[in-house]
Amino acid sequence: MPQHARRHLTRRTVLGRTAVGGLALAGGAAIAGPLVTGADAAAAAFGYRDDGRVYVVTTGAGLVFKVDRRNGDLTSLMYKGTEYQGYGNRNSHVETGLGTSSVSIRKTGGTILVTVVHGTMHHYYAARRGENNVYMWTNKADSSITATRYIVRVRPGLFPNNLPDSWDARTDTVIEAQDVRRKPNGTTRSKHYSNQRVIDYDHVGWSDGKVGMWMVRSNHEKASGGPFYRSLMRHHYEDGAGLYEILYYGENQTEPMRFGLQGPYVLAFTDGSAPSPALRHDRIDTSWVDGLGLAGWVGRSGRGRVAGVGIAGRDSAYAYTVGFSSADAQYWIEADPATGRFKSPYMLPGTYKLTVYKEELAVHTTRVTVTAGRTTPLHTLTIGADPSRKPAIWRIGDFSGTPRGFKNASLMTTMHPSDTRARPWAGAAHTVGTSKVDDFPCYQWVDINNSLKIRFKLTAQQLASGHTLNIGITTAFANGRPRVRVNDWVSALPAPAKEPTTRSLTVGSYRGNNHTYSYAVPASAWVKSPDAYQEVTLDIVSGSGGTAYLSAGVSYDAIELLT
């Protein structure tokens, strides 16, 4: 993760009303007297006051929150009489706190807006009359400030602490850095293991059956990493819990940071149910935001869309996503599984790279220009770069940009590779024609399961010529890459692919820059008998990396021998 550019920042290594009901946390300061007057109780409760140190905002629906006038920290979240905010004497805020800032408040009709200005950065909190929601936006305008997340700190003991992203330091043992732990039963936990792809989730949080507390994510148009990026979402330890909106996270990141306004993202309280679908980033009505004057805000009238009539050349076994990216913004939409039709979200004007993904593998790219106030139509897009279409003598797995189908692949986003629920990483040679795909490990490391072997036979005709061996990876750790031995023939050591330099395989992410290594195996490498097995040995090689599961490694996409 990048370091803060300002000395006082220290960095660590939703719309429709939601259901009213239950969470409260004790301990917040009492609010004396009505905030405003009105014809009914809800209207009378909605408003704010300045007590000289904090702005106290009452939504009129059971939620009262406080914002520190000095630095923009959220210092209290009182819901139906219970205080939820804070642990370890720390508040909820951008990053680990901004320090001295200019903080102001105003009421416009049914909206109360708190504005926090810190250098070139703006952060906003908004309350809407009668809603148990806190709407937030963060505008990081340039690199002078590192504002990469918002964290809501939640008092301990309020919600269940039994999920993959939770641990109890009193019983659980550190096994990697300070953020991966093993429970006494051998299962593993980490704040990284709430890991979902951005495209797969709309909200994250907890419910105790009576009260739900949720972070409803923004559209991530100014975030980085695309639709399949995985990052921190929440954590839960014995001493407190946290909900995140990650605005930029450097771990296993494949793109540079984008600048500009992100939001709204919404902290929502409910009666224990999920937050209202009307708060979702793709459904939320933000027309009320247009008149608030947020720095960098572009309403729907200033945006455009892209619509495609279909995608030709798809494989029905896979989902297809259409992504749009530029230096300034990113968007995506899932294509209709029957026709391939798609219509983008409302996008900022500009020229974008359009990418069609088969699962997570880019199989078609073009460029498209978005104009405010109109929808740009596209003719049928035809996929021309799907490697699975090449005829192969054999193929282990299939090219999808993921380790889908390989051994332990379904587990690795929610646990450490050393977890007792994982099957052993080492094993017998994989024999083409008899072994199953899920007998072949999804990951390979220098120290754990090096020298993986693949056995196969070739016909007399196939033995007469050389063939191309392709090894597709989704990411690599510590410059790991495969050196190949075919019987007695040894390949040259390939240059490492350009991949993220941070942890990946042990923190729940296989996502990187998909890359295929190709090896021209000469005819002289084969054992000259159609009855004999040929043997490929895969060794991960690198000049860097640590030990065990932090030694150099790769995540496999597919391995094939072409005709």
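Of note:
- Set of aspartates and glutamates with alpha-carbon distance to Lys453 below 14 Å, sequence-local pairs under 8 removed: Asp439, Asp488, Glu535, Asp539, Glu560
- Relative contact order (%) - the range 388-562, alpha-carbon pairs under 8 angstrom, separation at least six: 37 percent
- Integer Hz, Karplus 6.51/-1.76/1.60 couplings in order for the range 57-67, x for Gly and Pro: 10, 10, 7, x, 9, x, 10, 10, 10, 10, 10
- Amide hydrogen neighbours beyond the local backbone of Ala392, cut-off 5 Å, H modeled: Thr563
- Three-way shape call for the range 388-562 based on the alpha-carbon gyration tensor, with the a/c threshold at 1.5: prolate
- Using Cβ point charges alone (K and R +1, D and E -1), the dipole size of the chain about the Cα centre works out to roughly 600 debye.
- When only Cα pairs below 8 angstrom with a gap of at least 6 residues are kept, the range 148-244 shows a relative contact order of 39 percent.
- Phi-based couplings in Hz for the range 146-159 (Karplus 6.51, -1.76, 1.60; Gly and Pro marked x): 9, 10, 10, 7, 10, 10, 9, 8, 10, 4, x, x, 9, 9
- Sorting Leu247, Leu261 from the fewest to the most surrounding beta carbons within 10 angstrom yields Leu261, Leu247.
- Of the peptides 204-213, 113-122, the ranking by mean beta-carbon count within 10 Å, highest at the top, reads 113-122, 204-213.
- Across Lys140/Lys498; Lys66/Lys191; Lys436/Lys498; Lys140/Lys222; Lys183/Lys407; Lys140/Lys343, pairs whose alpha-carbon gap is larger than 21 Å: Lys140/Lys498; Lys66/Lys191; Lys436/Lys498; Lys183/Lys407; Lys140/Lys343
- Mean Cβ neighbour count within 10 Å, used as a protection proxy, ranking 473-482, 161-170 highest first: 473-482, 161-170
- Unit charges at the beta carbon, dipole of the range 79-171: most positive-side option, Leu163, Ser143, His93: His93
- Amide N proximity, the range 466-490 versus Lys498 label position 7 Å along Cα-to-Cβ, cut-off under 20 Å: 472-482
- Relative contact order (percent, whole number), the range 61-129, Cα cutoff 8 Å, 6+ residue spacing: 23 percent
- Overall form of the range 300-385 per C-alpha gyration tensor (a/c, 1.5; a/b vs b/c): prolate
- Formal net charge of residues neighbouring Pro377 (Cβ-Cβ distance under 13 Å; K, R +1; D, E -1): +4
- Size of electric dipole in the range 102-289: Cβ of Lys, Arg +1 and of Asp, Glu -1, about Cα centre, debye, nearest 20: 280 debye
- Dipole of the range 388-562 computed with +1 at Lys/Arg Cβ and -1 at Asp/Glu Cβ about the Cα centre; of Phe399, Thr516, Val554, farthest Cα towards the positive end is Phe399.
- Each residue of the range 550-556 was assigned a 3J(HN,Hα) from its phi angle through the Karplus curve 6.51 cos²θ - 1.76 cosθ + 1.60 (θ = phi - 60°); the sequence is 9, 6, 4, x, 9, 10, 8 Hz, with glycine and proline shown as x.
- Cα principal axis extents for the chain, largest first, Å: 93, 58, 43
- Computed per residue of the chain from DSSP H runs no shorter than four, each worth -39500 (n - 2.57), the mean residue ellipticity at 222 nm is -500 deg cm²/dmol.
- From most to least packed by mean Cβ count within 10 Å, the peptides 328-336, 229-237, 428-436 give 229-237, 328-336, 428-436.
Readers should treat all values here as calculations from the given coordinates under stated rules, not as data from a laboratory. Quick caveat, the model's predicted, so the values are computed rather than measured. Counting neighbours? That spans all protein chains shown, and the Cβs are built from the backbone with ideal geometry, glycine included.
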